[in-house]
1. Among the residues of segment 1-33, how many are under 17 Å from ARG63 (Cα atoms), surrounded by 10 or more Cβ atoms within 10 Å (Cβ to Cβ) and either at pLDDT 65 or above or of a type in the set (A, V, I, L, M, F, W, C) (or both)?
2. Note down all Cβ pairs under 8 Å where the first residue falls in segment 43-59 and is within 21 Å of ALA19 (Cα to Cα), the second is open to solvent by less than 80 Å² (accessible area, probe 1.4 Å) and in a helix (DSSP H, G or I), and they're at least six residues apart or on different chains.
3. Here is a check on your reading of the model: is PRO36 part of a loop (DSSP other than H, G, I, E, B), touching a helix residue (DSSP H, G or I) at 6+ places or on another chain (Cβ under 8 Å) and at pLDDT 90 or above?
Amino acid sequence: MAYLDPSGGKAREGKQTAAVTNAGAASAAAAAGATPTKAEYDALLADVNTLRTKLNALLAAMRTSGQLAP
């Protein structure tokens, strides 16, 4: 049983994930009316794309450090 092997845990100690900066403040705001405008939609889309980029960077860093399977 690998979890009972004390040397197995020591081999993983000290590995950290590379730093990934925090996502910035959201630029989207609540829609002014019942139907969002193009500008409101575009702001929301930009926020989603930014978060996707941050998430992918974090996952890549975790894979590189061995914290997540490739």
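The values are calculated or read from the model by the stated rules, or taken from the named source; none is laboratory data. From a predicted model like this one, the values you see are computed outputs, not experimental measurements. Neighbour counts are summed over all protein chains in view; Cβ atoms, including those assigned to glycine, are modelled from backbone coordinates with ideal geometry. Surface areas here come from the heavy atoms of the whole protein model, side chains and all, with no ligands, DNA or RNA. Shrake-Rupley method; radii C 1.70, N 1.55, O 1.52, S 1.80 Å.
1. 5
2. Short answer, once both residue conditions are applied: none.
3. Considered against the rule, which asks whether it is part of a loop (DSSP other than H, G, I, E, B), touching a helix residue (DSSP H, G or I) at 6+ places or on another chain (Cβ under 8 Å) and at pLDDT 90 or above, PRO36 comes out as yes.
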